[in-house]
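These notes concern the structure reproduced below.
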Amino acid sequence: MKRVFGIQGTIDAIQHHGSTDQAVLINTLEFYGIPRHISEPQLPVLCEAMLQYCREHAGDSADGIALLPGVRTLLEELTGVQPNVVVGLVTGNLEDIAWLKMEGLDVDALFTAPHIGGFGSDHMDRGELVRIARQRAEERIPAE
C-alpha cells in the first residue's frame, strides 16, 4: 500500500481473516479512502509489491503462524499413501506467498509436485479456489 499509494496503514484496520490477499488489499485501501475503482486496476502492481516484500523477508515467512496439531502427521500420511493421492493447498494467500509460508513451516515437500492448489492470486472470491485447485489437479495429474 505504501509503495503504490503512499499509505502507511495496516490490514488490521479491517476484518480480514478468511479473505483472499487481493480482497484484503482492496478492502484495506477502501478503509483508508481509496475507492475500488482506483485500487482494483492497481491489483497487479499491489500484488507484485507484496510478493517483493515477502521475498525480501522470506526468512520471516512463518512468523506468527503454526501448523495445527496433527497437520504434519496427516500430510506425511497422505504423501506416503499411494502415488495417486494428490496433496494440494487451497488458501487465500497469493501463490508465491503461500509456498513461502509452507517452506517456513517445513512442510512444502509434503505436497504433490509439481505444486497444485487454488490461491488468492487466482481469484478474489475464496469460494472459487477449491474449484480452481481441483481443475488444476485434473489437468496436471490425469486419472488412471
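Filter region 86-144 for residues that are of a type in the set (Gly, Ala, Ser), open to solvent by 20 Å² or more (accessible area, probe 1.4 Å), under 20 Å from residue 21 (Cα atoms) and part of a helix (DSSP H, G or I) and give the result.
104, 127
How many residues does region 12-23 contain that are open to solvent by 70 Å² or more (accessible area, probe 1.4 Å) and touching a residue at least 12 places away in the same chain (Cβ under 8 Å)? Break it down into steps so the answer makes sense when it comes.
So the first thing to find is which residues in region 12-23 are open to solvent by 70 Å² or more (accessible area, probe 1.4 Å), and the list is 12, 15, 17.
So of that shortlist, the ones also touching a residue at least 12 places away in the same chain (Cβ under 8 Å) come out as none.
Going through region 12-23 one residue at a time, the tally reaches 0.
Which of the residues that make up region 38-56 are without any contact (Cβ under 8 Å) to a residue 24 or more places away in the chain and open to solvent by less than 70 Å² (accessible area, probe 1.4 Å)?
If the condition is that a residue be without any contact (Cβ under 8 Å) to a residue 24 or more places away in the chain and open to solvent by less than 70 Å² (accessible area, probe 1.4 Å), then 43 is the only one that fits.
Go through region 98-144 and count every residue that is of a type in the set (Gly, Ala, Ser) and more than 13 Å from the chain's Cα centre (by Cα).
Step one: list which residues in region 98-144 are of a type in the set (Gly, Ala, Ser), which gives 98, 104, 109, 113, 117-118, 120-121, 127, 133, 137, 143.
Now restrict to residues that are more than 13 Å from the chain's Cα centre (by Cα): 104, 109, 113, 127, 137, 143.
Residues flagged as of a type in the set (Gly, Ala, Ser) and more than 13 Å from the chain's Cα centre (by Cα) within region 98-144 amount to 6.
Suppose the filter is closer than 26 Å to residue 140 by Cα, free of Cβ contacts under 8 Å to residues at least 40 places away in the same chain and open to solvent by 70 Å² or more (accessible area, probe 1.4 Å); does residue 74 pass it? Walk me through it before giving the result.
On the way: closer than 26 Å to residue 140 by Cα: yes; free of Cβ contacts under 8 Å to residues at least 40 places away in the same chain: yes; open to solvent by 70 Å² or more (accessible area, probe 1.4 Å): yes.
Answer is yes for this residue.
For residue 66, work out the one condition from (1) in contact (Cβ under 8 Å) with a residue 24 or more places away in the chain; (2) surrounded by 11 or more Cβ atoms within 10 Å (Cβ to Cβ); (3) farther than 23 Å from residue 138 by Cβ it doesn't fulfil.
(2)
Report, by residue number, each residue of region 28-56 that is under 29 Å from residue 108 (Cβ atoms) and out of contact with any Leu (no Cβ under 9 Å at 6 or more places or on another chain).
First, pick out the residues of region 28-56 that are under 29 Å from residue 108 (Cβ atoms): 28, 43-56.
28, 44, 45, 48, 49, 52, 53, 56, listed by residue number.
Conditions tested, residue by residue: (1) in a loop (DSSP other than H, G, I, E, B); (2) more than 16 Å from residue 123 (Cβ to Cβ); (3) out of contact with any Cys (no Cβ under 6 Å at 6 or more places or on another chain).
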| residue | (1), (2), (3) |
| --- | --- |
| 4 | no, yes, yes |
| 24 | no, no, yes |
| 27 | no, no, yes |
| 34 | yes, yes, yes |
| 49 | no, yes, yes |
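Please verify whether region 51-67 includes one or more residues that are hydroxyl-bearing (Ser, Thr, Tyr) and either under 23 Å from residue 15 (Cα atoms) or not in a helix (DSSP H, G or I) (or both).
We begin by selecting, within region 51-67, every residue hydroxyl-bearing (Ser, Thr, Tyr); these are 53, 61.
Retained after the next criterion (residues that are either under 23 Å from residue 15 (Cα atoms) or not in a helix (DSSP H, G or I) (or both)): 53, 61.
Checked against the condition, which is being hydroxyl-bearing (Ser, Thr, Tyr) and either under 23 Å from residue 15 (Cα atoms) or not in a helix (DSSP H, G or I) (or both), region 51-67 yields at least one hit.
Residues that are in contact with a Ser or Thr (Cβ under 9 Å, 6 or more places away or on another chain), within 25 Å of residue 43 (Cβ to Cβ) and in contact (Cβ under 8 Å) with a residue 60 or more places away in the chain: does region 98-118 have at least one?
No, region 98-118 has no match at all.
The values are calculated or read from the model by the stated rules, or taken from the named source; none is laboratory data. Values in this document were obtained by computation on a predicted structure and should not be read as measured data. Counting neighbours? That spans all protein chains shown, and the Cβs are built from the backbone with ideal geometry, glycine included. Protein only, heavy atoms only, side chains kept; ligands, DNA and RNA dropped before computing areas. Shrake-Rupley method; radii C 1.70, N 1.55, O 1.52, S 1.80 Å.
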